[in-house]
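Chemist: The structure's right below; bear with me while I get my questions together.
Quick note: the coordinates plus some simple rules give every number you see, no bench work behind them. It should be emphasised that the depicted structure is a prediction, and the values quoted were computed from it without experimental measurement. Positions of Cβ are generated from backbone atoms using ideal geometry, with glycine treated the same way; all protein chains shown enter the neighbour counts.
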Amino acid sequence: MVDAQRLRIARQHLETTRLLGVDFVPVRAAAAAAAAALPTTQETRSTPRSSGVAPGGPGLRAERQAALDTLRARHDRECDHCTRSTQHTNIVFGEGDPCARLMFVGEAPGAEEDRTGRPFVGRSGEKLNDMIRAIGLERDAVYIANVLKARPPNNATPTPEEAQRCGVWLRQQIAIISPRVIVTLGKPAANYLLDNRDAMGAMRGRWFEYAAPDMPAPTPVLPTFHPAYLLRAYTVENRRLVWADLQKARERLDT
C-alpha cells in the first residue's frame with residue numbers, strides 16, 4: 001500500500017520545481033520521486049523528515065525569544081549604525097522561530113520592509129516564501145534577518161563599514177538561535193558572515209563555515225542568490241541553481 005506521507009513528499013518535490021520556475025522535471029527525477037512514494041523498509045516508513053525546527057519544549061522557545069527581545073531593545077538603543085540613521089521608518093530586526101534550525105540572512109531592508117518593520121516582504125519576500133515552501137517548510141518555522149537592521153538610503157548596497165557596525169547584532173541573533181544551517185541571500189550577507197570579499201559566483205552553492213567564540217561549533221553556511229536578483233535575472237539557469245542550493249540546505253537539515 002502506498003504510504004500517504006511519502007506520496008505527499010514526492011508530489012511536493014515535483015511541485016517545487018514549478019514554484020521556483022524550473023520548467024521541466026527530468027525523467028530520472030520524476031522516477032526517483034515516484035519511487036520515493038513507495039515504502040521499502042520499516043525504517044524508511046518510520047523515519048520522519050525534519051521539520052526544520054530545533055527540538056525543545058515551550059520553555060526553550062520562550063527563553064530564546066526573551067533573549068532576542070532583550071537583544072532587540074539593546075540594539076535599538078545602542079547600534080552604532082541604526083542609531084545614526086535618519087532616513088529609515090522602522091527597524092527591521094528579524095522574525096521567525098527562535099528555535100529554527102534554518103536561518104536565512106539577507107543584506108538590508110528595502111522600502112517595503114522599512115514600511116512594515118518586517119524582513120523580506122513585497123516581491124522579494126513572496127519569492128523567499130516560495131523558496132521556503134519548496135523545501136517543505138513554512139516561513140514561521142525558519143528565522144529571517146538581515147545584516148543591517150535599518151534601510152540604507154536609496155536602497156544602497158551596504159558598505160563593509162556599515163556591515164561591521166550593525167552586523168555585530170546579527171552575530172548575537174545567530175548565537176541565540178543556534179541554527180543548524182544558515183543560507184545567505186546575496187553577496188553582502190555572505191561576505192560579512194564569511195569575512196571575505198569573494199564574488200558571488202565563487203561562493204554560490206558551496207558549503208562554508210561560520211565560526212564565533214560564543215558558539216560551541218561552526219555553523220554550515222550556504223550562499224545563494226538574493227530573491228531580488230533572482231527576480232531581475234529570472235532565467236531557467238538561475239532558477240535551477242537556486243533550487244539546487246535549496247536542496248543542499250534541506251539535505252543538510254535532514255542529516
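Chemist: Can you put VAL236, VAL121 in order of Cβ neighbours within 10 angstrom, beginning with the fewest?
Modeler: Lowest count first: VAL236, VAL121.
Chemist: Net charge near ALA244, counting Lys/Arg +1 and Asp/Glu -1 over other residues with Cβ under 14 Å of its Cβ?
Modeler: Net of charged neighbours comes to +4.
Chemist: For a footprinting-style exposure proxy, rank TYR210, TYR143, TYR192 by other Cβ within 10 Å, fewest first.
Modeler: TYR210, TYR192, TYR143
Chemist: Still on this structure, please answer the following. Taking K and R as +1 and D and E as -1, what net charge do the other residues with C-beta under 12 Å from the C-beta of ASP76 add up to?
Modeler: Here the count lands on +2.
Chemist: Take the Cα pairs of the range 50-254, get the Kirkwood Rh, then feed it into Stokes-Einstein at 25 °C and 0.890 mPa s and tell me D in µm²/s.
Modeler: The diffusion coefficient I find is 145 µm²/s.
Chemist: For a quick check of your reading of the filter: which trypsin sites (Lys or Arg not before Pro) in the range 69-168 sit in a DSSP loop and have no more than 13 other Cβ atoms within 10 Å?
Modeler: Passing both the DSSP loop test and the Cβ count: ARG84.
Chemist: Restricting the count to DSSP beta bridges whose residues both fall in the range 50-254, what percent are antiparallel, rounded to a multiple of 5?
Modeler: 35 percent
Chemist: Count the net charge of all other residues whose Cβ sits under 12 Å from the Cβ of ALA100, scoring Lys and Arg as +1 and Asp and Glu as -1.
Modeler: Result for the neighbourhood of ALA100: +1.
Chemist: Provide VAL221, VAL168, VAL105 in ascending order of the number of other Cβ atoms located within 10 Å of each residue's Cβ, fewest first.
Modeler: VAL168, VAL221, VAL105
Chemist: Can you tell me the length gained on complete extension of the stretch MET215 to ALA156, counting 0.36 nm per residue apart and subtracting the Cα distance?
Modeler: Full extension from MET215 to ALA156 adds 18.1 nm.
Chemist: Measure off 7 Å from each Cα along the Cα-to-Cβ vector at ASN196 and THR255, then give the distance between these two points in nanometres to one decimal.
Modeler: Modelled inter-label distance: 1.8 nm.
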